[in-house]
Each structure stands twice: as structure tokens, then as C-alpha cells.
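Asker: Pasting a structure below so you can have a look.
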Amino acid sequence: MSTEGGTRAIIAALGANLGIALTKFVAFAFSGSSSMLAEGVHSLADTGNQFLLLIGGRRAKKAADAEHPFGHGRERYVYAFVVSIILFSIGGVFSIYEGVDKLEHPHELETWWLPVVVLVIAIGLEGFSFRTALKESAPARGSQSVLTFIRRAKAPELPVVLLEDFAALIGLVLALLGVGLTVVTGNSAFDAIGTLAIGALLVLVAIVLGIETKSLLVGEGASAADTERIRDAINAHPAVEALIHMKTLYLGPDELLVGAKVAFGRATTLTDIALSIDEVEAAIRAAVPVARVIYLEPDVYIEQHDTLATDAIVIRAAD
């Protein structure tokens with residue numbers, strides 16, 4: 001569900017950005033507005049970013065092999081991180097460079113009405129793209145705020161599109177403000193300042209996006225709520241004496257690895273333990289469907305003064 005929603009949001013953003021980029025470049029060619037050039041490069045970079053996200057999603061579906069036994073799910077994180085770099089370097093840095101150049105070499109706007117018309121239309125198209133991203137993220141977001149969703153989401157596509165579209169809308173408003181003030185006052189410095197503001201905005205968004213995707217690349221565990229569900233599923237089984245310790249790791253946005261050491265009774269037969277482990281794994285998957293790779297190590301509960309027993313007591317107390 002999250003993958004399909006992310007793909008729809010990406011396609012909507014791609015179509016909007018491609019059309020907007022072309023019109024912005026045409027408007028720049030006729031008007032000479034640096035804000036229009038910065039916005040055109042911004043939209044072109046966003047279009048490339050959407051292509052990268054689609055490629056990452058496609059490559060992540062490759063089956064596991066001997067070289068990648070846990071699959072290619074993290075390809076989506078890699079491409080999302082590349083997107084943050086492109087947004088920073090091409091979008092942000094270029095816009096700042098263009099703004100500085102316009103301050104040093106000012107020139108009047110020509111055909112001023114054209115960039116205004118283009119910016120108004122672009123705001124409408126970007127608004128449609130942003131609305132689509134919000135709609136598609138709603139099932140995964142639930143009651144979370146957009147900011148919380150961006151920080152905690154394991155699938156990178158929707159947070160990336162949300163951030164890009166939000167930045168694009170703010171950038172368009174800044175560009176419209178810069179062009180408008182230039183037209184009213186006749187001072188081209190306002191156009192340059194608008195360009196600098198767009199660049200600063202893109203750099204800020206790229207940094208936020210880079211920090212979030214870097215965390216996913218390094219490896220994030222299950223959320224506190226999912227961790228609690230997994231612990232409850234394990235401890236609820238009648239054959240389990242204690243959950244000694246547990247670790248989780250997202251192999252990809254839709255695949256969670258769970259490794260745990262579980263204490264069973266000393267008199268339990270190997271066959272009973274094996275059957276109990278199968279039942280516990282089924283209970284974990286029922287509680288947290290993305291927990292697809294599960295490794296449970298059976299052990300025995302040792303009373304008092306033993307590290308094993310102490311760990312088990314601590315986790316029981318936490319439950």
C-alpha cells in the first residue's frame with residue numbers, strides 16, 4: 001500500500017515538475033529573470049529526483065541472491081540519499097550562485113508579465129502535486145503530523161515528495177514576490193534576493209532530507225510501538241519463560257528483521273521448542289506484518305545472579 005501510494009505521488013510530482021520546468025525556462029528566456037532561471041533549475045532537478053526515486057523503487061524489488069541474501073530493499077534509501085545531494089548541489093547551490101551573480105550584474109526584466117503568469121500557473125500545479133502527496137501519505141501517516149511522518153517514515157518516497165513539493169511551493173511564492181517587487185520598484189535586486197532565498201530554502205530542505213535518509217541507510221530499528229507489539233507476541237506464548245533480549249533492523253521500508261533470544265523450559269523437548277518457535281514467529285508476523293525475517297534463538301532461564309537471568313528480568317519488567 002505504501003509503495004503504491006508513493007509511486008502515484010512520484011508520478012504526479014514528475015509530470016508537474018517536467019511541465020513547470022519547461023515553462024519556467026521559456027519565461028526566463030523572454031524575461032531574463034534570475035528567479036525564473038533558479039526555479040527552472042529547481043524544477044528540472046526535482047524531475048530528475050523523481051526519476052531516481054522510481055529507479056530505486058524498481059531496483060529494490062530485485063530478488064535476494066548469494067551476494068545480497070537479505071534482498072535489495074535498501075536501494076530505495078540509497079536513491080533517496082542521492083536525491084538529497086542533487087537537491088543540495090544543483091538546486092540550492094546553483095540558485096545561490098545565480099542570485100549572487102544577479103546582484104553583481106543587475107539587469108532589468110523584460111516581458112515582466114510572462115514570469116508572473118508562469119509562476120501563478122506553477123503554484124497551481126505544485127499545489128496539485130503536494131495535495132496528491134498528502135492524500136497518498138494519509139493511510140501511512142494516520143494521526144501523525146506531516147513533520148512527524150517525515151521523521152519516522154521508513155519508506156523514503158512519500159517524505160521526499162512531500163518535502164520537495166513543500167519547498168517548491170515556498171520557492172514559487174518567493175520567486176513571485178521577488179519578480180513582483182522588481183516590477184513595482186524597478187529594482188532588480190529584489191529578483192536576486194528572491195533567488196538567494198530560494199537557494200537557501202533548497203539547501204535547508206536538502207540537509208533535512210539528507211539527515212533523515214542517512215539514518216535509514218545506517219540502519220533503523222522498529223518503532224517503540226512495534227517493538228512493544230513484538231515483545232508482547234513473544235511473551236504471550238505459554239511455552240516462553242522470558243524474552244532475554246531482542247534486536248530489530250529494517251532491511252527495507254517493507255521488511256523488518258527480528259532477532260531474539262528466548263528462554264524456554266528446561267524440560268521442554270527439541271520438537272516442542274521447534275513448534276513453539278514456529279508459533280511465536282506466526283504471532284510476531286500477525287502483530288507486525290512487516291516483520292518478515294525472524295530469527296529466534298532458544299535458551300534456558302537461569303535463576304539469580306546470572307547475566308542471562310538479569311537480562312530476562314529487565315525485559316519482563318519493561319513489559
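The values are calculated or read from the model by the stated rules, or taken from the named source; none is laboratory data. What you see is a predicted model; the values in this text were computed from it and never measured. Neighbour counts run over all protein chains shown; Cβ positions are idealised from the backbone, glycine included.
Asker: Do we find that Val120 is modelled with pLDDT of 80 or more and touching a Gly at 6+ places or on another chain (Cβ under 9 Å) in this structure?
Answerer: no
Asker: Quick one: what pairs do we get from the stretch 199-222, first residue modelled with pLDDT of 85 or more, second exposed (fewer than 15 other Cβ atoms within 10 Å of the Cβ) and not in a helix (DSSP H, G or I), C-beta under 9 Å, 6+ apart or different chains?
Answerer: That search, which allows pairs on different chains as well, returns Gly221/Lys247.
Asker: What is the residue count in the stretch 84-115 for residues that are in contact with a Leu (Cβ under 7 Å, 6 or more places away or on another chain) and under 17 Å from Ala21 (Cα atoms)?
Answerer: 5
Asker: Within the stretch 135-149, does at least one residue satisfy the condition of being outside any helix (DSSP H, G or I), without any contact (Cβ under 8 Å) to a residue 12 or more places away in the chain, hydroxyl-bearing (Ser, Thr, Tyr) and surrounded by fewer than 20 Cβ atoms within 10 Å (Cβ to Cβ)?
Answerer: There is at least one residue in the stretch 135-149 that is outside any helix (DSSP H, G or I), without any contact (Cβ under 8 Å) to a residue 12 or more places away in the chain, hydroxyl-bearing (Ser, Thr, Tyr) and surrounded by fewer than 20 Cβ atoms within 10 Å (Cβ to Cβ).
For every residue, the table says whether it meets (1) touching a residue at least 40 places away in the same chain (Cβ under 8 Å); (2) outside any loop (DSSP other than H, G, I, E, B); (3) surrounded by 17 or more Cβ atoms within 10 Å (Cβ to Cβ); (4) not basic (Lys, Arg).
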residue: His42; (1), (2), (3), (4): yes, yes, yes, yes
residue: Thr47; (1), (2), (3), (4): no, yes, yes, yes
residue: Leu53; (1), (2), (3), (4): yes, yes, yes, yes
residue: Gly73; (1), (2), (3), (4): yes, no, yes, yes
residue: Tyr77; (1), (2), (3), (4): yes, yes, yes, yes
residue: Phe88; (1), (2), (3), (4): yes, yes, yes, yes
residue: Gly92; (1), (2), (3), (4): yes, yes, yes, yes
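Asker: Are any residues in the stretch 18-47 under 28 Å from the mean Cα position of the chain (by Cα), closer than 13 Å to Phe94 by Cβ and among the small types (Gly, Ala, Ser), and if so, which ones?
Answerer: Passing the criteria: Ser35, Ala38, Gly40, Ser43, Ala45.
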